[in-house]
């Protein structure tokens, strides 16, 4: 089943829900309409019980997302107020990805720049092929970068690497990305979809409530400031403990078989 939201498409393929950014003429640069389509795309896949894992990818093989569509900036980011509206729109889309209760994977090939990097930092995992090139050219464009996005990068690659990425605006290779910890794996060109599907199979077989509770716990641990919402973490953890899946997991372990989790 495929659904189109302008240049953002969703597709369900077994337990995998795909979100495809489809603007290949601009290397999948994000238009305003594409940013606005993200929440509905995530909601549709998260609400579908068939979907166990969500993969975000770019159309074609030249780019994941090459950043925001700069050709629209004169219309949508030309004043302080307009820029605030634009930032709020982008933040809404990225927070929807970050808050998704299902595991998310960014499938990276070709250009992954600026806003594309920001999107990937809100995914749980990032897998790339060796054609991937990434960078954040904000310093070359005079763009202010909100601190939550900077913190996401620092949490992922560490302070020294984040400084190099932001301050130089340089484009880095897939091997640089692996060394920095930005991606978890790099595979050869032509092998990316196979590798991503294999990872999806692993995640789809795991207990959904356990994974959801762990995602919440990690987010809270990385939250800025000294206050961690321990009660929220505990509630999610206890929900997993009280689930049928926890019983199934124990039984399957004892019976030496593969568990069949239902997310309840």
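Each residue in the range 160-174 was checked for being closer than 20 Å to residue 146 by Cα and not in a helix (DSSP H, G or I), and 2 of them qualify. Every listed requirement among (1) without any contact (Cβ under 8 Å) to a residue 12 or more places away in the chain; (2) out of contact with any helix residue (DSSP H, G or I) (no Cβ under 7 Å at 6 or more places or on another chain); (3) not assigned by TED's automatic domain parsing to the domain that holds residue 160 is met by residue 229 save one, (2). Residues that are surrounded by fewer than 17 Cβ atoms within 10 Å (Cβ to Cβ), touching a helix residue (DSSP H, G or I) at 6+ places or on another chain (Cβ under 8 Å), without any contact (Cβ under 8 Å) to a residue 40 or more places away in the chain and over 26 Å from residue 52 (Cβ atoms) are absent from the range 172-191 altogether. Checking each residue in the range 145-159 for being touching a residue at least 40 places away in the same chain (Cβ under 8 Å) and not in a helix (DSSP H, G or I) picks out only 146.
Counting only strands (runs of 3 or more DSSP E) that sit completely within the range 40-144, zero hold 2 or more residues that are within 19 Å of residue 20 (Cα to Cα) and out of contact with any strand residue (DSSP E or B) (no Cβ under 6 Å at 6 or more places or on another chain). Suppose the filter is within 23 Å of residue 172 (Cα to Cα) and surrounded by 15 or more Cβ atoms within 10 Å (Cβ to Cβ); does residue 132 pass it? Against the criterion (within 23 Å of residue 172 (Cα to Cα) and surrounded by 15 or more Cβ atoms within 10 Å (Cβ to Cβ)), residue 132 qualifies.
The values are calculated or read from the model by the stated rules, or taken from the named source; none is laboratory data. Nothing here was measured: the structure is a model prediction, and the numbers come from that model. We place every Cβ from the backbone using ideal geometry, glycine too, and count neighbours over all the protein chains shown.
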